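Asker: Pasting a structure here, questions to come.
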Amino acid sequence: MLPSLVPSKTELSAEVVQLATKLGVTAILSNVQEMTRSVFPDARLQVEVEYDPENADEVCLAIVVRNTIDNPHELVQILSKRHRRLFDSCPPYLASVFRLNTDWRP
């Protein structure tokens, strides 16, 4: 079996670590990352701080998934699976801290 070219660990910026600490999700961030990685095993993941353009007080951690999926039905199924599994990875009251952003490229 060939080794995966997708890194198994996602390096976190100082800004992400600082926000995770402020929001009290440092301990569960790795759970959310691993769950997302299991749903998107061939994707490159990155965690970014995302500011809401309409509400200056709202900020979250965005798990950015970079992958190529050209079948819309498959994409919807995968996104639904990730959404359901989010609640297994963190308490429901913290789920809103984590957003999923997709960057699909052919």
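Asker: Quick one: Cα convex hull volume of the chain, Å³ per residue?
Answerer: 126 Å³
Asker: Between Ala27 and Asp42, what length in nm is gained on full extension when 0.36 nm per residue of separation is reduced by their alpha carbon distance?
Answerer: Roughly 2.9 nm would be gained on extension.
Asker: Still on this structure: With a cap of 12 neighbouring Cβ atoms within 10 Å, and only residues DSSP puts in a loop, list the GluC sites (Glu not before Pro) found in the range 13-79.
Answerer: Details: sites: Glu15, Glu34, Glu48, Glu50, Glu54, Glu58, Glu74; in loops: Glu54, Glu58.
Of the GluC sites (Glu not before Pro), the ones in loops of the range 13-79 whose Cβ has at most 12 other Cβ atoms within 10 Å are Glu54, Glu58.
Asker: Report the extension gain between Val49 and Asp103 in nm, rounded to one decimal, defined as 0.36 nm multiplied by the number of residues separating them, less their alpha carbon distance.
Answerer: On the way: separation 54, 0.36 × 54 = 19.44 nm, distance 1.57 nm.
Taking 0.36 nm per residue and subtracting the Cα distance, the gain is 17.9 nm.
Asker: Could you state the angle between the C-alpha long axis of helix 14-23 and the longest principal axis of the C-alpha atoms of the chain, as a value from 0 to 90 degrees rounded to the nearest 10?
Answerer: So the inclination is approximately 60 degrees.
Asker: FRET efficiency for Arg85 and Ala56, Cβ-Cβ distance as r, R0 = 41 Å, nearest 0.05? List each step's numbers first, then the result.
Answerer: Working: r = 31 Å, r/R0 = 0.75.
According to the calculation, E is roughly 0.85.
Asker: Please figure out what share of the DSSP beta bridges in the chain is antiparallel and state it in percent, rounded to the nearest 5.
Answerer: Close to 55 percent.
Asker: For Gln77, put the label point 7 Å out on the Cα→Cβ axis and report which residues of the range 21-52 keep their amide N under 12 Å from it.
Answerer: Of the residues in the range 21-52, none has backbone N under 12 Å from the label point off Gln77.
Since every read-out is calculated from the coordinates, none of them should be taken as a lab result. Computed from a predicted model, the values in this text were never measured in an experiment. A quick note on method: Cβ atoms are made from the backbone with ideal geometry, for glycine too, and the neighbour counts reach across all protein chains shown.
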